[in-house]
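What follows is one structure encoded as structure tokens, with my remarks underneath.
The values are calculated or read from the model by the stated rules, or taken from the named source; none is laboratory data. Keep in mind it's a predicted model, so treat the numbers as computed, not measured. With ideal geometry, Cβ positions are generated from the backbone for all residues, glycine too; neighbour counts draw on all protein chains shown.
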Amino acid sequence: MSEAVGAEEARRLIAGGEAKAIDARGDEAWREHRITGATRLSGADLDAEIERVPEDVRLIVVGDEEQGPELADQLNARGRDAAYLEGGLDAWIAEDYPVQPSEDPEDEAVI
């Protein structure tokens, strides 16, 4: 199983450019709010999407207690350095870290 990263460490890594947030949550949750600068990755066809996932930074996967670890495991199996955000976006928001909503309600924002 992939490593869990707490909200404080994830914020530090993302703010320092050492990691990128990858959001595995559904459309509605994505549109409501997400980590600023996050990229959405559905994971439905990861083999087709993997080439667009950065290789040069650590990936912090945001999802529920199943989505996060599962997608992080899949990314690690494909040669990426991925961990999952322990507690998901709720943990991030509990620390009052910045989130952004989608400006466009039709925004898919899937890489």
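Go through region 5-23 and report how many residues are buried (at least 16 other Cβ atoms within 10 Å of the Cβ) and over 20 Å from Ile50 (Cβ atoms).
Number of matching residues: 6.
Does any residue of region 68-79 turn out to be out of contact with any Lys or Arg (no Cβ under 7 Å at 6 or more places or on another chain), under 13 Å from Asp23 (Cα atoms), modelled with pLDDT of 90 or more and in a strand (DSSP E or B)?
No; the residues of region 68-79 include none that is out of contact with any Lys or Arg (no Cβ under 7 Å at 6 or more places or on another chain), under 13 Å from Asp23 (Cα atoms), modelled with pLDDT of 90 or more and in a strand (DSSP E or B).
Please find, within region 24-79, the residue that is surrounded by the fewest Cβ atoms within 10 Å (Cβ to Cβ) out of those that are in contact with a Gly (Cβ under 8 Å, 6 or more places away or on another chain) and among the hydrophobic types (A, V, I, L, M, F, W, C).
Only one residue fits best here, namely Val57.
Of all the residues that make up region 6-63, how many are in a helix (DSSP H, G or I) and within 14 Å of Leu85 (Cα to Cα)?
The number of residues fulfilling the criteria is 8.
Would you mind finding the one in Ala29, Ala44, Ala77, Ala15 that is of a type in the set (Gly, Ala, Ser) and in contact (Cβ under 8 Å) with a residue 60 or more places away in the chain?
Result: Ala29 is the single residue among Ala29, Ala44, Ala77, Ala15 that is of a type in the set (Gly, Ala, Ser) and in contact (Cβ under 8 Å) with a residue 60 or more places away in the chain.
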